[in-house]
Every structure is written in C-alpha cells, then in structure tokens.
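Report on the following structure.
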Amino acid sequence: MKTRLIIALAAMAFATCALGTTAPTTLKLQKGATTVPVSSTLGGAPLTSLEQDPAMTAGNADSGDGAGDLGKGPVVNRTISHGPHAGLNSGGQAWRAKSNPELAGGFDGLDFHDQRYANNGNQFSVEPPDQGLCAGNGFVVESVNDVLAIYDRSGHELVGPVDLNTFYGYPAAINRATGAYGPSITDPSCYYDADTQRWFQVVLTLDRVGTTSALSGTNHLDIAVSQTADPTGAWNIYQLPVQNNGTQGTPDHGCNGGFCLGDYPHIGADAHAIFLTTNEFALFGPGFYGSQIYAISKQALVAGASSPNVVLFDAGDPSVPAPAFTVWPAVSSGGQYAGAHGGTEYLLSSDAVFYNDGMSNTVWLWAVSNTKAIDSAPQALALDVSPVTVQTYAVPTSLAQQKPGSTPLRDCFATAGCAPNFLGYPNIVYSAPRKLAVNDSRMQQVSFANGKLWGTLDTDVLLGDGSHGSGVAYFVIDPKNGGVFANGTLALPDANLTYGSSAVTQSGRGVIAFTVVGPNDYPSAGYASLDAKKGAGDVHIAAAGAGPWDGFTGIPYLGRGRPRWGDYGAAVAEGNTIWTASEYIAHSCTLAEYLTSPLFQCGGTRGALSNWATRISNFQL
C-alpha cells in the first residue's frame, strides 16, 4: 500500500523566549567598489601541479569534525561531531512518480568545467558547488563555488561564466603565470527582492597574507547589490567583517587562535532588512561559537548608501536558551512579509548535531522583530526563540552508494601507469564504486509563504535492505503559535534523497528539490510537491544522471577526507513559478575519451578532477 508520513499536530503550548539580555551589537557596513559581470574566457592548462588551494585543506574540503586546525581539518562549511545512532524508520516511503506534470522545463547550469577553467584557468579545482539561485524580472542567476552565470527564463546564458574573484573586484584565485594568490571565496548565495527589484549576491571571503597562500585571519562577507532590476548591469559591493575579534569594528567573541570564521553564510529578507547568518567557528583552531544573525537596512543597500546600518545578534551568547547552528533566515516570494511586531523576520534551525546520539524531535523558531527600526533605531530590534516539537529526525550516518558506471578519474588511478603518467600521482585501486557524502541534519532553505514557515533538512532513514540512508524531513509551521501544519519524511526504499531545498508560492504550493542517488541511480535531480495539507508528494526525476560522480574529494592523494557533494541546493518562487537548482551528473565519458586531447575534458563536459554539474528546473504551480 502506498503510504506517506505526515504528522498534523494541534497547536501546542508555545513558550517564546524574549532575549532581553542579549542586546544587538550595532555595526556599520562599508561600501566598496562597483562591478559589472563580464563573461570570462575558458582556458588554461587542463591540469597543473597546484589544483587545490593549500590553505583550504585540499580545496573546499568542507565537512568534518569542526576542528579547523589548518592542514589537519576542514576550513569552511564545518559540522559538529556527534555519536552513532540506530537509524530511523521513516514510517513509510514516497513512491516514484511515472510522470512530471508540474515540470515546465529546465536546462543545465554551471558545472565543474566552467568552474575550473573560468578566468582562463586561473582557478583552483573546487567541489562541491554550493549552489545559489535567484530569479525575477525575466532573469535567472546561478552562483556556485566559484563562478556565476546569468540566464534568461529559457536558459540562454546571457553572461557567464564569471569567476567570483573577478566579479568582486579581486585578483584571480591563483595567477598561474606568477603564482600569486587572490582571496579565497566560498559559499555563494543570492536573492532577488521583488519589493525593491534588486539582486543580492553574498559570499564568504578569506583574506591572505599578501599574495601568498597563507590565510591572514581576517574574513568578511562580500555583499553585491544590483543598481537596477537588471543583473547584467552594475552592482555595488559592500564588505562586512566577520572575524569578530575586536578588529575592523567587530565585537570580540574570543575565538580560539584569535580569529573567528563566518562560515556557511545564507541570506533572507523581510520588508525592511536583509538578513545574513553564519556559523561561527575558530578559524585557526577548534571551537564552535554559535550562529550569528546580521540584519542590514534593505533600503540603504538599495539606495547605494555609503554605510548602511547593521545589527548583530550573537546567538551563541550563553543567555540564548537554544543551541544555534545553521540558523537559516526565511525568504518571501512576491513581496509578502510578516508585518506583526513592527516587521518580523523568521528563521529556523535544528539541533540533532548537539546530541551524542545525533537525534532530536525539536526545531527552533527564531524571530527578529521591530525590523522597521533598522534605519532609525537599530538597537530596537529584538530577538526571540522558541522550541517546536516535531517528528524525530537524525543526522545521516552513511555515505550514499551510486550506480556503477564509467568513472575515468577513478579508472585512471586504478590502471597501471595511468595516474603516474597523466595525473602525477601513484595508483590506487578501489574495489567498488566510490560513495558520495550526504548532508548532516542542519536546516536548509527556509521560506515564509502563505502565512507559514517552510523548511527542510536531511535525516537518517532505514532503506529497504535495512541499511542506513538519507531522506528529507520537511516542516510547515505556524510562526504565530508554533503549530505544525505538516511534518514528515520523504524517503525512497532504494535510494538516498539528499540536500533538499524547498520553495513555496504565496498561495501555499511548493516544491522540494534534492539529489536522488543509490545503487540503481546515478546522481539525479529530483523533486516532490509540497503543501500544508497533504505534505510531500511522490518523488519525480527532473533530470536523470548520466553517470556516477567522479570527483577528487575522498581520494587520498587529492581531496582526503570525505567524498563531497552539496553542500546545499537552492529553490526560489517567482509568482506561480518555482525554480530549483540541484547538483547532478549531466555527462559521462570513458577513460579513453578522458585521455583524448584536449586531455581530461571529454568534449568540455568535465575537468581533470571532477564531473559535477547542476540542473536548473522550473515548475508551474
């Protein structure tokens, strides 16, 4: 019998904790240069002896135990250690749909070939992509580590790929001619604000010691704001220091090693403010210090003001009665915002990573109120947080199997003489297809739509054969009283669903996008419908994967650590259209094709060290 797990909970006792003892810190945002996105030249040597940024621990090796000791652990996109658990039975599975009635179209977005060979090859090899997506006014903007592109609604590339170092006005990530390093950029996200008709693009930037590879310790959020509704035109750039050690106007949070890191930034907005949140780790040592919540005057950014007001809430402060990890701010489609209490921005977070067994039945509802005061009295903004009881979820514990197929990078390592002669590394033989990493249980994209708050996260499930896998838990919450309209787990018996991201129209119709991967599935772009009454629908495939993931992370001589995927997808509502961006594998090639000139590129579909791709889909609801 077809079953789908939905929990419809009555409104519960809802204790809102006003954090009166945690006053926001007032900051100033500094305006820098302007920029215009210009397509870069794809080129350069197909492979060099310097493919990963040495300061970033094998490129964007970005998930681990949070240690952050340079050279020994991940630098960015860290997680928090937890103990083992027995796994969750999802209580039922969704089914694979036989048709895709909502899918209106789609096109391939940016891929590893674009990323590595942009700016004439003056880039490092980076995975995973970390996808940002925004849409409006007839345009679609996608950004990944470390390039962006601008499309029309039909998928025609208008500008791109643009390497992010050039877009933000920096020298190249690595100058192949001189060996000079530019700043290290990561974690892109973007947002189109229908109310003001402006585009916002945000990244985390880590500064260097001169032009060497060494990190200086200072790091900041680069915030680009379009000057018009046309993203192909000029943008203003602002910088927000986030090292939080008392320098450059930041508060001193006492991070181990002297510098904090504003990791994993994401963007949200209400009527009055743009919200940016980060996970604060010590950059040069172990230690997690809680999430940081920044509110910035939207009108000042749109007006191109020289120094817009900013306030910072330190959600890691001991007075905050909630564990704060990946506190994701909501975006709202159609310019409809929460107007109560002087304007309110809602955020969601999860807390399973804080428990030894990696399990929880609580998500946290955060609210920043009185946002209309951001221009006149910024310290009048207030932060509240409340627990919401939900179905138990758990941190996924296993890597995802993928369907066997052609993997020329893996095959070159396994073929005598190939890796030493072509890649410059010793041979290594894998006895089975390589697995890829799923997400932890941090909250993913959050939407405020139809008066409700919508969010998703990855959760551990038991697959049909009894092994651990990953599913997508979803939440539809009444932010006024903590009631839960719908809560369930979307899972398949024979495949993993990972890096779920949802968007919802103002009429309350939504889509969850994710990667589908398993022993019978190459990494594919999948989706399911979502509403507050029925919960999640069946699993659809928007674009089937063409082959296995074949990247460098997880190979001892290259990426070390975990094989990477993710670290987040994206979805956005534009009127009655929903756009999604998911990582998948668009092309496959053989070892012979991989070793054909031009080397490693398989007709421009991949690079030497990876083959990740992205799929942009649109749905008419």
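One table, with the values for the structure above:
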quantity: Test: Leu148 is open to solvent by less than 10 Å² (accessible area, probe 1.4 Å) and either more than 23 Å from Phe448 (Cα to Cα) or out of contact with any Pro (no Cβ under 6 Å at 6 or more places or on another chain) (or both); calculated: yes
quantity: Spans of strands (runs of 3 or more DSSP E) in the stretch 53-155 with at least 3 residues touching a Cys at 6+ places or on another chain (Cβ under 8 Å) and modelled with pLDDT of 95 or more; calculated: 132-136, 139-144
quantity: Scope the stretch 224-248; condition open to solvent by 10 Å² or more (accessible area, probe 1.4 Å), in contact with a Leu (Cβ under 8 Å, 6 or more places away or on another chain) and part of a loop (DSSP other than H, G, I, E, B); matching residues; calculated: Thr232
quantity: Yes/no for Phe107 being touching a Gly at 6+ places or on another chain (Cβ under 9 Å), open to solvent by 10 Å² or more (accessible area, probe 1.4 Å) and touching a residue at least 24 places away in the same chain (Cβ under 8 Å); calculated: yes
quantity: Pair list, Cβ < 6 Å and 6+ apart or interchain, from the stretch 220-238 residues that are within 16 Å of Cys134 (Cβ to Cβ) to residues that are open to solvent by 30 Å² or more (accessible area, probe 1.4 Å) and of a type in the set (Phe, Trp, Tyr); calculated: Pro231/Phe139
quantity: Pair list, Cβ < 8 Å and 6+ apart or interchain, from the stretch 594-614 residues that are among the charged types (D, E, K, R) to residues that are assigned to a loop (DSSP other than H, G, I, E, B) and open to solvent by less than 30 Å² (accessible area, probe 1.4 Å); calculated: Arg606/Asp550; Arg606/Cys589; Arg606/Phe600
quantity: Some residue of the stretch 395-417 being touching a Ser or Thr at 6+ places or on another chain (Cβ under 6 Å) and open to solvent by less than 10 Å² (accessible area, probe 1.4 Å); calculated: yes
quantity: Hits in the stretch 339-354 - residues which are at pLDDT 95 or above, open to solvent by 10 Å² or more (accessible area, probe 1.4 Å) and in contact with a Ser or Thr (Cβ under 9 Å, 6 or more places away or on another chain); calculated: His341, Gly342, Phe354
quantity: Lone unmet requirement of (1) open to solvent by 30 Å² or more (accessible area, probe 1.4 Å); (2) in contact with a helix residue (DSSP H, G or I) (Cβ under 8 Å, 6 or more places away or on another chain); (3) within 28 Å of Asn576 (Cβ to Cβ) for Val429; calculated: (3)
quantity: Selected residue (only one of Pro161, Pro188, Pro171 is without any contact (Cβ under 8 Å) to a residue 60 or more places away in the chain and part of a strand (DSSP E or B)); calculated: Pro188
quantity: Any chance Asp494 is open to solvent by 10 Å² or more (accessible area, probe 1.4 Å) and without any contact (Cβ under 8 Å) to a residue 40 or more places away in the chain; calculated: yes
quantity: Some residue of the stretch 552-570 being at pLDDT 95 or above, of a type in the set (Gly, Ala, Ser) and more than 22 Å from Thr415 (Cα to Cα); calculated: yes
quantity: Filter result (of a type in the set (Lys, Arg) and without any contact (Cβ under 8 Å) to a residue 24 or more places away in the chain) within the stretch 415-454; calculated: none
quantity: Hey, Leu221 aliphatic (A, V, I, L, M), more than 19 Å from Val36 (Cα to Cα) and not in a loop (DSSP other than H, G, I, E, B) or not; calculated: no
quantity: Test: residue in the stretch 291-312 that is free of Cβ contacts under 8 Å to residues at least 40 places away in the same chain, closer than 23 Å to Tyr568 by Cβ and either in contact with a helix residue (DSSP H, G or I) (Cβ under 9 Å, 6 or more places away or on another chain) or open to solvent by less than 30 Å² (accessible area, probe 1.4 Å) (or both); calculated: no
quantity: Residue match in the stretch 341-352 (condition: out of contact with any Phe, Trp or Tyr (no Cβ under 9 Å at 6 or more places or on another chain), part of a loop (DSSP other than H, G, I, E, B) and in contact (Cβ under 8 Å) with a residue 12 or more places away in the chain); calculated: no
quantity: Any hit, the stretch 521-531, residues being touching a residue at least 24 places away in the same chain (Cβ under 8 Å), closer than 30 Å to Asn611 by Cβ and among the acidic types (Asp, Glu); calculated: yes
quantity: Some residue of the stretch 444-462 being open to solvent by 10 Å² or more (accessible area, probe 1.4 Å), touching a strand residue (DSSP E or B) at 6+ places or on another chain (Cβ under 6 Å) and of a type outside the set (Lys, Arg); calculated: yes
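The values are calculated or read from the model by the stated rules, or taken from the named source; none is laboratory data. Quantities reported herein were computed from a predicted structural model and do not represent experimental measurements. Glycine gets a Cβ as well: all are built from the backbone with ideal geometry, and neighbour counts include every protein chain shown. In case anyone asks, the SASA skips ligands and DNA or RNA and just uses the protein heavy atoms, side chains included. Shrake-Rupley method; radii C 1.70, N 1.55, O 1.52, S 1.80 Å.
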